[in-house]
Every structure is written in C-alpha cells, then in structure tokens.
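Here, each number is a calculation from the coordinates, and none is a lab measurement. Small disclaimer: the values here were computed from a predicted structure and weren't measured. For neighbour counting, all protein chains shown are included, and Cβ atoms are generated from backbone atoms with ideal geometry for every residue, glycine included.
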There are 2 protein chains.
Amino acid sequence: MQIPTNHTSLSTTLRNRREKLTNLINFPAILWSGSPSIRNFPLNTFPFRSSSHFLYFAGLPIEDAAIRLEAGKLALFMDNPPPSNLLWHGEIPTRDRLAEIIGADAAFPMSELKSHAQNSATISVQNPTTKITQSQILNRDIFPSNKPQEIDLELTQAIISLRLSHDDTALTEIKQAAAVTVEAHKAGMAATKNAKFEANIRAAMESIIISHNMTCAYPSIVTVHGEVLHNGEYYHPLQTGDLLLADVGAETTLGWASDVTRTWPVSGKFSPTQKDIYDVVLAAHDRCISQIKPGVEYLDIHLLAAQVIAEGLVDLEILKGKPEDLVEMDAHALFFPHGVGHLLGLDVHDMEDLGDLAGYEIGRERSSRFGLGFLRLNRPLIPGMIVTIEPGFYQVPAILNDLEMQQKYQNIVNWEKLEYFSDVRGIRIEDDVLVTTKGAEILTQELPTNTDAIENLV
Amino acid sequence: MQIPTNHTSLSTTLRNRREKLTNLINFPAILWSGSPSIRNFPLNTFPFRSSSHFLYFAGLPIEDAAIRLEAGKLALFMDNPPPSNLLWHGEIPTRDRLAEIIGADAAFPMSELKSHAQNSATISVQNPTTKITQSQILNRDIFPSNKPQEIDLELTQAIISLRLSHDDTALTEIKQAAAVTVEAHKAGMAATKNAKFEANIRAAMESIIISHNMTCAYPSIVTVHGEVLHNGEYYHPLQTGDLLLADVGAETTLGWASDVTRTWPVSGKFSPTQKDIYDVVLAAHDRCISQIKPGVEYLDIHLLAAQVIAEGLVDLEILKGKPEDLVEMDAHALFFPHGVGHLLGLDVHDMEDLGDLAGYEIGRERSSRFGLGFLRLNRPLIPGMIVTIEPGFYQVPAILNDLEMQQKYQNIVNWEKLEYFSDVRGIRIEDDVLVTTKGAEILTQELPTNTDAIENLV
C-alpha cells in the first residue's frame, strides 16, 4: 500500500471526522474494512476495496482491519503480516506504523477486538466473510446495511450526516479523480478515429486511469448501445453513424470517485438528428446545474430536467402537448427513464450500501411513479455535497415497444416523427457538481459538453 | 454476454467433455457458476468470474446458474432475467436460448434444482453466498474445495483427470490468450522509453488486453522491485539502471488464461551484471523447456532449473561449491525460492481452488525443503498438459538478510561478489508450454527472450 506523503494532514482530517461523530453518538462504533474477494481460487483475488465507512474514518484501505471509535479516539485493530509475507508481498507497514500514519490513539492485534466490542454499533459490510466476523465479534445479529436497527441505525444516520458534506481532504481527492476522468474521456474521443470496436475505446480510456495508478470507480460503460443503461459489453463494432456513449470514472487510491458521461459520434460529426436531441439533453444538463445551490430540492432539479427534455421534444415534434402536462403524466420518462443523478463521494453512488437511507431525507420514500421511481437522491442540497447531473435521452425497445406504454402515450408521442431520430439510441451527458455556499462548482468542467468542442476532440 | 459465433463446435466439445466424465463417475454431479462479488455496494460488483469447473462443462460464464451432469446429459438451471432488466441490461439470452447454445439436454428454472439434487456430488465454489446455496440445495455439508469428501472427492478426481489434458477447443482459447499476452508485453516494452512510473507501463500492457475485450487472468505484476514475488504496487518511479519485471497475462471471454513474464531494462540496455544473471535465468528457462515431453516428472524440470541456476551462479562466483551439492542443500533457493511453474488452463494456476489435489499426483505431498516447498506441480507430464516454465533470480532482503540463512550459507555464498550484482533485484522469464506427444510447443514463443531482441523492443 502506498502511504500518502502528506499524512499529517490526513491524520488531522481523520481526527476532525471522528470528533464530529462524537457530537452525534454517545456509544462506541466499530467499523471493519473487509477482506479481498476471491476470483477463481484463493490466491487470485479481485483488487481489494475497503468498506467506504471504514475508509472515511481510517483513511487508508487496510485489509482485514477494524477501527473502534469512541469519544474522538480511534483504536486500530489488525494483525501484522506473518514473516512468510515478506517473500511474496515485501515489506508491508506494520500495525504500529499504520496507526501512526492515520493518527490512531491505540493499536491492537485482532484478537483484542472482542474484548473491546461491548455495546458497540457497527454497519454491516458487503464482504460476506467479514459480515460473519462482525456478528461473532459483536455477539449479536447484524442487519443488512440498508436496514440497520437501534444503535446501528443511529450510527448510520450520524455517518450519513457527516458524509453528505465533503471536507477539504475529500474534495482534494475527488478533484484528482475528476481530473484523471476528464483526461480519460479526452483519450477516448481521440482514440475513436482508429477504433473498430467499443473495447478499443474502453482500453484508451481505462489506460489513462491505470496509468495514474487509479482504478475505475465502477464498471465502465463504453457502448454504441447507450439505450442499455448499464451496458457492460464492449464487443460491438463501431459503425459510421453510431453515437458512442462512455460513462467512465476514476477512483483514487484512497477510494474517492468521479463519474462522468459523454456521448460522441463515431464518425466525428453529429448527424442533424443527433445534434437536435443532443442539444435538448445539453439544455437540461445546463439548466439543472445553473439551479444548483444550497436549499434547493434535488427532486426539483430532476423535475427541471424532465421539463426541459419535454420542452425540447415538443419543439422537435416528438412529443405533443404542454410540457408541464407531459411531465405530470411521465411522458418524459419514455425517453429519460432514470433519475437526473445521485450523491458522489467514496462510492460512485455515495452510501448506496445503505439503500435509500443516505439518498432520501428521513421520512421520504421512493415514488411509485414511472418518471420518479428511479431517482436515487431526494434531499435538499447543502454546501459540500457533490452530486452528479446526468440527464439523458434513450430509445429503449423495452419501453417504446411495450404495448401498454404505446397505448397510454398513443396520442402524445408522434411515432412517425420519432422514426426520423432512429440514429439516436442513447445520449447522456454527466458531470460532477459540488454544491457551494455561492451555488455550484462543476468539478469536471475541463471536459467540454457542446457538440462543436466534442467534434474537435474526436 | 457475447455468444461465441462457433457455438456448434462449442456444444460438441461440451458433449465430449461430459461423455468422458461419464466414464469416470456413476453418480450425478451439480456444478454452480457463482454470483458476482460485491465491491462497495450491491449494484457495484466486480466483473463476474464463473467457477472454472462450471465453465469447463457449461462453456459460457452464466451468472447464478447451475448444471446437472449425469450419464452424458446436461441440464441447465437458471432463472430468466426479470423484465425490469431490459431497461438496465438490455436483451439477455433466455434460459432456452442459452441451453440451445451450449447443447443442453434440458433446461429448468432454479426452483427445480432441489428436486433434481438427490445424491449428487459437487465442488465447493469460492463465492461465499453461492457456497451456502450449495449446502441448502444438496441438503448436506459441503467441504472446502481443497478437502472434498466421498463422492465430492471422486468427482473432483474425475474432473482433474479431464482438465489436466486440454482438448482442441481449450487450446484454441489459450492460444488466443497467449497471442494477446505477447502483444501486451511488446506494448509494455515499447512504452518504457516514455514511462515515468510502473503504472504507466502497466497501463500500456493492460490496455492491449482490454482492447481485445479480454480481462487480466490475475493481478498484473509490473514492478522495478521484482524481488517482491507477488508485488501488487505500481507507484514506484522508473530509474535508469532499474530492471522492470512484468508478469501479465490475458484471459479470454470464456475464461482461458495465459501467464507470461519478461524482465527488461528501463534504460533499454542491460548492464553487464544484469546481462550475466539474465543469461543464467534464460539458460535455466531454455534447458527446462528442452526437456519437456510426456513422461518426464515436473519435479525433475524444477530440479533442472535449480541445477542450471546453481551452475550459473558458480560460474559468476556468487556461489561456491559443486552445483549438485548446492542444489542438495537448497542454496539455489536463496535466489530462486519459488517453483519453476504450474499448470495453466481455465485458472492461471489451474485448479488451484482444489489445493494440491490437481498439482500433486495422488500420494505425493509438498516437500518441507526450502528449495522445493513452493513447487505447485509435482506430476509426470502428459500430452495436452500446459505448464508454465518460469525460473527466476531474486535478491530478497527477507532471505538474504536473515541471520539464520546467512549462517547456514556463510561459506557458500560469496557475499562480497554478490554486492557487484546489486543492480539485479529480480529477474523472471516465463512462458506457457504445451506438452505434445513429440515434446513441447511454446505457446508464447513470439515474444523473444534473449537480451538483444528485448533491447530492440524496449
């Protein structure tokens, strides 16, 4: 593990975070990092990813470790690597060294954890093996992280309130991830001219992330079938006339994410129909970002995106009616079926391990409306929050060929006109936006969004 | 999931494999593919990797599926994706379609598996969640895959005997992985001139693998600290005078692996001391491969590598004594502490999920000798087997600075002379070798091994 050079500042940040936690709970908390997940045999694991809640307070992705937080003090629990590790893995920082780097107040071997565990709250990790350890050490059932009970719920709510607003250390990390992500997208655009398959462009983009010693924050989407929202295939050939949708983001060594989407023409030139729709999505993107400031409801940002898209599609004569009415009846969702964005932080959908506990203000629940149900964030914006803004337009066969949908929106969609736009299967434009006291700061703004600038980069 | 274009040939291969299995066991077997492992929240998973035993008989990496094999018949158990999947993941082949592609004799939803499970053997998968399912469906304890019991052990031994020798379909896949791996290494060498950090070279190499729509078969080792055998860090700066060791291999979509190591000078020129040691390792590599043919004991190949390395180090005056005596007393292992290679197939260490059951002939066990204990393969070679040959030379501080080692080998190592070679921290040369009836075929031979050719590529 690479030790950050500025670890004095890291340990100060960590102390501030746990002092804030102390103001919110009056019981100890134990957070586990987790174990590497096995791929096909025990020695061949996936790259280790620590639990984000552990990372938030421990700073470093230490495998098989736990921290105990109480009254502003941090105790680190981990075992020193066995001597045989030296041959295979070299010198690994010892427990005492790591404790010093993260500014722990005490450090113990794992065998001591049980005796320090009484009455402690925790959050269930995702790794099934560590999950069992959590129950054993705390000597009780641990509910899934999206359904915590009693003190675990109190701890979860406290951590959410901290992680919703990013401190300077987090911002520095996320800005680094954003800068590398911007570079990756530019490389993807530049690689398009000589690319034959989606995989070629993916390679050009991920290569930038790997070269900066970062990882992908999530499985990259690099596809000419953007209408498949979470497309994880890269084998399609690129054809003149296709739009390529790339949703690719970097994650720093310490776990902080970026999440960016651009859509560009394989040929280097948007067709008139592609440009028409692209500009509708871009208008939604720009209008939404212009409205971001503390106190604004994210749901209203989502509805604004829906409204702008409905307006644009009416102008293009794809939809018929008054935009407000169209949004009211979820007609926008025929073409924009997902939410306008989500929280961003240590997780690309920040704290989504907690279900909707982080994304939704207490007392709010997912809507059952077709046009709202996929919204991942429904809270008033606060300074220090980072959200994505990612409106889109898609022609999803599962939606548009659905008989019930066709009937419901029979007189609202100009189906004939829509056929003119058959070369637009999927467009999304996504940026990472920091809510500031003054309004909004686009963290990924070095990456252009307008069609002219994008054509120049392809 | 991309469907192979030549699936008639795939289904014929799969039928052959299960017919061979039928000759070896007289009870049904159920094999599970496993579930994707969660990274930091449920939607954000690591790329799915099916259990290799499932892949061997089912051909395709189908998530959350099981197959039942009995008397040459294959039944596929899986659930069709829910309709909501269409939005997020697009059209996914249905159970019936997949059954057709792999030539299954029957296909059922998962809920039917329990009623077909009586008296069936299995092999424990690595995914902890699926492991629990295995016990529930078979209604009994399932021992870990390296300690199978009763019919599970019989099944394991039967599958080992099949997977030890590769059929043409497997060979075609592995050759594709090898070709991409060769290209990746050449790209790594070519990228060295302009690289500043290990991560830059890793990016150039993995980019080739990603661009071919393959994955890495294992975590890449790309490091100027080759003396750390399983180095997983990429942050070190490259300095003139460093050797770079790259152990990187591709895996095809259907799961077949390659595993190749080259070591090259960052400056483009080996120093005289680096060339001296490199040529010793290369001699071991070449001599070992020249001896490969059916009937030869892999242990003898390992001992040959030890012998050639000992000879070379005596010639360089690093070791003192007769090479045979030096090997006898494990002096070679001071500098070559690992085994000369392992099985290769669907897993990069093929079937290592079974512990030593595949690598070691029945009745043989790991040696406790320092110079033999890390050997992963101890069997006579048979036609169709693929092994790696990967001798190396390392100056591992944990070994060479160990007082006990220093005392034991005090008069055997010329410690003063060794200091001349301080610019050689780690060298490994690794190729993938198919055992043929005539001898050996190097699957990765397009990648040169000699210093002149490598200098030309850097």
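As I understand it, the value is the acute angle between the Cα axis of helix A:198-211 and the longest principal axis of the Cα atoms of chain A; what does it come to in degrees, rounded to 10?
40
Calculate, in nm to one decimal, what A:Trp415 and A:Ile92 gain on full extension: separation in residues at 0.36 nm each, minus their alpha carbon distance.
Stretched fully, the A:Trp415-A:Ile92 segment lengthens by 110.0 nm.
Treat the stretch B:360-458 as a sphere of radius equal to its Kirkwood radius over Cα pairs and apply Stokes-Einstein at 25 °C in a medium of 0.890 mPa s; give the translational diffusion coefficient in µm²/s, rounded to a whole number.
The diffusion coefficient I find is 144 µm²/s.
Test of understanding: ordering B:Met214, B:Met351, B:Met110 by Cβ neighbours within 10 Å, fewest first, what list do you get?
B:Met110, B:Met214, B:Met351
Most exposed first by the Cβ proxy, i.e. fewest other Cβ within 10 Å, how do B:Ile201, B:Ile309, A:Ile429 rank?
Going from sparsest to densest Cβ surroundings: A:Ile429, B:Ile309, B:Ile201.
Tell me whether the stretch A:168-457 comes out rounded, prolate or oblate; compute the Cα gyration tensor, take square roots of the eigenvalues as a ≥ b ≥ c, and use a/c under 1.5 as the rounded threshold.
Oblate, since a/c reaches 1.5 and b/c is not below a/b.
Quick one: give the max-minus-min coordinate of the C-alpha atoms of the stretch A:294-335 along each principal axis, largest first, in Å.
Answer, in whole Å and largest first: 35, 17, 16 Å.
Give me log10 I(q)/I(0) at q = 0.07, 0.08, 0.09 Å⁻¹ for the protein assembly as shown, Debye formula, one equal scatterer per alpha-carbon, no solvent.
Listed by q, the Debye log ratios stand at -0.61, -0.81, -1.03.
In sequence order, what are the phi-derived ³J(HN,Hα) couplings for the stretch A:259-265 according to the Karplus relation 6.51 cos²θ - 1.76 cosθ + 1.60 with θ = phi - 60°, rounded to whole Hz, with x for glycine and proline?
So the J values, rounded to whole Hz, are 7, 9, 10, 9, 10, 9, x.
Could you tell me the calculated FRET efficiency between A:Phe143 and B:Lys114, based on Cβ-Cβ distance and R0 = 25 angstrom, to the nearest 0.05?
0.35
Angle, helix B:7-22 long axis vs. longest principal axis of chain B, Cα atoms, 0 to 90°, nearest 10?
For B:7-22 against chain B, the angle is about 90 degrees.
Quick one: which of A:32-41, B:255-264, A:358-367, B:318-327 comes out on top by average Cβ neighbours within 10 Å, and what's the full order, highest first?
B:255-264, A:32-41, B:318-327, A:358-367
Between B:Asn26 and B:Thr172, with labels modelled 7 Å along Cα→Cβ, what's the label distance in nm to one decimal, could you check?
Computed distance between label sites B:Asn26 and B:Thr172 equals 3.6 nm.
What length, rounded to one decimal in nm, is gained on full extension from B:Thr436 through to B:Gln291, with 0.36 nm per residue of separation minus their alpha-carbon distance?
51.0 nm
Using each residue's phi in the stretch B:237-249, evaluate 6.51 cos²θ - 1.76 cosθ + 1.60 at θ = phi - 60° and report the 3J(HN,Hα) Karplus result to the nearest Hz, with x for Gly and Pro.
Whole-Hz 3J(HN,Hα) from phi for the stretch B:237-249: x, 8, 10, 3, x, 6, 9, 9, 9, 10, 10, 9, x.
Name the residue farthest towards the positive end of the dipole of the stretch A:257-339 from the options A:Gly295, A:Ala283, A:His332, assuming +1 on Cβ of Lys and Arg, -1 on Cβ of Asp and Glu, about the Cα centre.
A:Ala283
Rounded to the nearest 0.05, what FRET efficiency do B:Glu63 and A:Ile132 give with R0 = 22 Å and r taken as the Cβ-Cβ distance? Could you check?
For B:Glu63 and A:Ile132, the calculated efficiency is 0.40.
Using a 10 Å cut-off on Cβ to Cβ distances, tally the other chain neighbours for every residue of A:411-423 and report the average as a whole number.
Per residue, the number of nearby Cβ atoms from other chains is 0 on average.
Between the alpha-carbon centers of the stretch A:1-66 and the stretch B:134-161, tell me the distance in whole angstrom.
For the stretch A:1-66 versus the stretch B:134-161, the Cα centre distance is 36 Å.
Taking each residue of B:207-219 in turn, how many C-beta atoms of other protein chains fall within 10 Å of its C-beta, and what is the average?
The shielding value for this peptide is 6.
Lysines within cross-link reach of B:Lys408: Cα-Cα under 17 Å, excluding same-chain residues under 8 positions apart?
Straight-line reach from B:Lys408, under 17 Å: B:Lys320, B:Lys322.
Please enumerate, by chain and number, the lysines with C-alpha under 19 Å from the C-alpha of A:Lys196, excluding those fewer than 8 residues away in the same chain.
A:Lys186, A:Lys269
Can you give the Kirkwood hydrodynamic radius of the stretch A:85-182 from its Cα pairs, in Å with one decimal?
About 16.7 Å for the stretch A:85-182.
Mind running the shape call on the stretch B:199-325? Use the C-alpha gyration tensor, a ≥ b ≥ c as the square roots of the eigenvalues: rounded below 1.5 for a/c, prolate if a/b tops b/c, oblate otherwise.
oblate
If you take the Cα atoms of the stretch A:7-163, find Rg, then find the Kirkwood Rh from the mean of 1/r over all pairs, what is Rg/Rh?
So for the stretch A:7-163, dividing Rg by the Kirkwood Rh gives 0.95.
Of B:Phe374, B:Val458, B:Ser422, which is farthest on the positive side of the dipole of the protein assembly as shown, counting Cα position, with +1 on Lys and Arg Cβ, -1 on Asp and Glu Cβ, and the Cα centre as origin?
With unit charges placed on the Cβ atoms, the residue in question is B:Phe374.
Which value, in debye to the nearest 20, describes the size of the charge dipole of chain A about its Cα centre when Lys and Arg Cβ atoms bear +1, Asp and Glu Cβ atoms bear -1, and nothing else is charged?
780
Please give the Cα centre distance for the stretch B:185-260 versus the stretch A:260-332, rounded to the nearest Å.
Computed from Cα coordinates, the inter-centre distance equals 43 Å.
Compute the angle between helix B:150-163 and the longest alpha-carbon principal axis of chain B, please, reported from 0 to 90 degrees and rounded to the nearest 10.
Helix B:150-163 sits roughly 60 degrees off the main axis of chain B.
Rounded, prolate or oblate: which fits the stretch A:253-344 when a ≥ b ≥ c are the square roots of the eigenvalues of the alpha-carbon gyration tensor, with rounded for a/c under 1.5 and prolate only if a/b beats b/c?
Note, shape of the stretch A:253-344 comes out oblate.
Could you derive backbone 3J(HN,Hα) for the stretch B:188-195 from the dihedral phi with the Karplus parameters 6.51, -1.76 and 1.60 (θ = phi - 60°), listing whole Hz in sequence and x where the residue is Gly or Pro?
For the stretch B:188-195, the Karplus curve yields x, 4, 5, 7, 5, 3, 9, 8 Hz.
Could you tell me how far the Cα centroid of the stretch A:430-446 sits from the Cα centroid of the stretch B:346-378, in Å?
55
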